[in-house]
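*Asks:* So that we are looking at the same thing, I have put the structure below in structure tokens.
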Amino acid sequence: MSMVTEQHAISANDARTRLEWIQDQINSVTDEIGLSTDTVRFVGASKAQPLTTIRAFAQAGIKACGENYLQEAITKLDELKPYDLEWHFIGHIQTNKAKQVAERFTWVQTLDSLRLAKRLSDARLVSHPNEPLNCCIQVNVDDESQKAGVSADSYDELVEIATDLPGIRLRGVMAIPKPYPDLTQRIASFERVKEMFDNAPKPQPQYWDTISMGMSEDYLTAIRCGANLVRLGTVLFGPRPTK
Ligand SMILES: *Cc1c(COP(=O)(O)O)cnc(C)c1O
């Protein structure tokens with residue numbers, strides 16, 4: 001069943017139907033593997049989606065959205081302030097944008113360097129002294145040269161140092177595995193991410209709880225491999241409008 005069709009404005013009612021459908025899909029997998037339904041949550045990957053679409057989903061009760069580009073995101077955050085949305089940054093962060101990201105977002109899923117970690121922590125301590133920024137380390141699980149994320153080599157050091165930064169609360173890992181057409185290869189990537197999460201050196205155990213992987217094409221597989229946060233764009237909002 002595909003929920004991905006129209007390009008025209010979506011109503012809050014349609015948005016609610018889609019949210020329920022996604023939740024049903026997720027529940028069927030958590031039932032199957034014996035997890036309680038609230039173990040797994042999703043963020044709407046809303047990049048390139050118009051404000052009207054995201055507003056309809058906000059009215060329909062979506063809880064979290066993720067954005068990739070700061071400028072685009074700031075407008076959406078400002079316009080959608082009346083809704084109680086939890087905003088995640090899920091795009092690559094240039095260090096000169098770190099301050100604004102730390103001030104405006106609740107989560108950063110794309111922490112990929114020590115330099116960035118320190119900048120985010122410093123800025124967050126100023127803007128939210130008692131509310132650390134939730135962060136996931138982005139891991140480059142398939143060692144793709146053009147892709148963001150830390151390699152297995154730098155991962156341990158980043159976990160150890162970022163854990164101690166007071167403006168950051170290190171929550172886990174995030175990955176965008178290579179979209180292998182062959183599902184068994186994708187599963188192998190997901191399993192490596194889960195292993196990196198499990199084998200992290202000395203994180204703060206009470207906060208180390210998040211494995212963010214899986215997108216529209218493969219989120220149910222990702223959940224079976226241990227994901228408890230999936231990032232859904234197309235399957236939820238419909239195709240991204242071309243500019
Ligand atoms: C766009 C995007 C997604 C969602 O992609 P879909 O395939 O449309 O679900 C998830 N994660 C990140 C980091 C993205 O940039």
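Values in this text are rule-based calculations from the coordinates and carry no lab data. A quick note: this is a predicted structure, and the numbers were derived from the prediction, not measured. Because the Cβ atoms are built from the backbone with ideal geometry, glycine has one as well, and the counts that use them run over all protein chains shown.
*Asks:* I want to check the label-to-label distance for residue 84 and residue 37. Put each point 7 Å from Cα in the C-beta direction and report it in nm to one decimal.
*Replies:* Calculated label separation equals 1.9 nm.
*Asks:* If you don't mind, there's one more thing I want to ask. Sorted by packing (mean other beta-carbon atoms within 10 Å per residue), highest first, where do 168-177, 13-22, 72-81 land? All intermediate terms of the calculation are to be shown ahead of the outcome.
*Replies:* On the way: 168-177: 25.3, 13-22: 16.7, 72-81: 14.9.
Highest to lowest by the protection proxy: 168-177, 13-22, 72-81.
*Asks:* In what sequence, highest mean first, do 221-228, 141-148, 64-71 appear when ranked by Cβ atoms within 10 angstrom? List each step's numbers first, then the result.
*Replies:* Values: 221-228: 21.8, 141-148: 13.8, 64-71: 19.4.
Ranking the peptides 221-228, 141-148, 64-71 by packing returns 221-228, 64-71, 141-148.
*Asks:* For the chain, give the magnitude of the charge dipole about the Cα centre (Cβ charges: +1 Lys/Arg, -1 Asp/Glu; no others), in debye to the nearest 20. Intermediate values should be presented prior to the final figure.
*Replies:* Numbers: 27 positive and 32 negative charges, 151 e Å.
Once rounded to the nearest 20, the dipole reads 720 debye.
*Asks:* Ranked from highest to lowest mean number of other Cβ atoms within 10 Å per residue, what is the order of the peptides 46-56, 121-131, 92-102? Provide the component values of the computation, followed by the final result.
*Replies:* Details: 46-56: 19.5, 121-131: 15.0, 92-102: 17.6.
Put in order of decreasing packing, that is 46-56, 92-102, 121-131.
*Asks:* At 0.36 nm per residue, minus the direct Cα-Cα distance, what do residue 195 and residue 207 gain on full extension? Give it in nm, one decimal, please. Write out the running numbers ahead of the final one.
*Replies:* Details: separation 12, 0.36 × 12 = 4.32 nm, distance 1.73 nm.
That pair, residue 195 and residue 207, stretches by 2.6 nm at full extension.
*Asks:* Classify the chain as rounded, prolate or oblate from the Cα gyration tensor: take a ≥ b ≥ c as the square roots of its eigenvalues, call it rounded if a/c is under 1.5, otherwise prolate when a/b beats b/c and oblate if not.
*Replies:* Oblate, because a/c is 1.5 or more while a/b does not exceed b/c.
*Asks:* Points 7 angstrom from Cα along the Cβ direction at residue 106 and residue 75: gap in nanometres?
*Replies:* With each label point 7 Å from Cα toward Cβ, the separation is 2.4 nm.
*Asks:* Which residues in the range 104-140 have a backbone N closer than 14 Å to a point placed 7 Å from the Cα of residue 161 along the Cα-to-Cβ line?
*Replies:* 112-122
*Asks:* Here's another thing I want to ask about it. What full-extension length gain, to one decimal in nm, is calculated for residue 182 and residue 17 as 0.36 nm per residue of separation minus the Cα-Cα distance? Walk me through the intermediate numbers first.
*Replies:* On the way: separation 165, 0.36 × 165 = 59.40 nm, distance 3.09 nm.
Roughly 56.3 nm would be gained on extension.
*Asks:* Holding the Cα-Cα limit at 30 Å, pick out from 47/202; 76/202; 63/178 the pairs that are longer than that.
*Replies:* Values: 47/202 34 Å; 76/202 37 Å; 63/178 28 Å.
Check vs 30 Å cut-off fails for 47/202; 76/202.
*Asks:* If you average 1/r over every pair of different alpha-carbon atoms in the range 1-104 and take one over that average, what Kirkwood value in Å do you get?
*Replies:* Working: mean 1/r = 0.0665 Å⁻¹.
Evaluated on the range 1-104, it is 15.0 Å.
*Asks:* Same structure, new question: Nearest 500 deg cm²/dmol is fine: what mean residue ellipticity at 222 nm does the chain get from its DSSP H runs of n ≥ 4 alone, each adding -39,500 (n - 2.57), divided by its residue count? Walk me through the intermediate numbers first.
*Replies:* Values: 9 runs with 100 residues, N = 243.
Calculated mean residue ellipticity at 222 nm is -12500 deg cm²/dmol.
*Asks:* Under a Cβ-Cβ cut-off of 14 Å, what is the net charge of the residues other than residue 120 that fall near it, where Lys and Arg count +1 and Asp and Glu count -1?
*Replies:* Numbers: positive: 97, 99, 104, 115, 118, 119, 124, 169, 171; negative: 103, 112, 122, 131, 164.
Summing Lys and Arg as +1 and Asp and Glu as -1 gives +4.
*Asks:* Would you tally the net charge around residue 149, using a Cβ to Cβ cut-off of less than 13 Å, leaving residue 149 out, and scoring K and R as +1, D and E as -1? Spell out each step's value before the answer.
*Replies:* Working: positive: 147, 178, 192; negative: 112, 142, 143, 144, 153.
Neighbourhood net charge equals -2.
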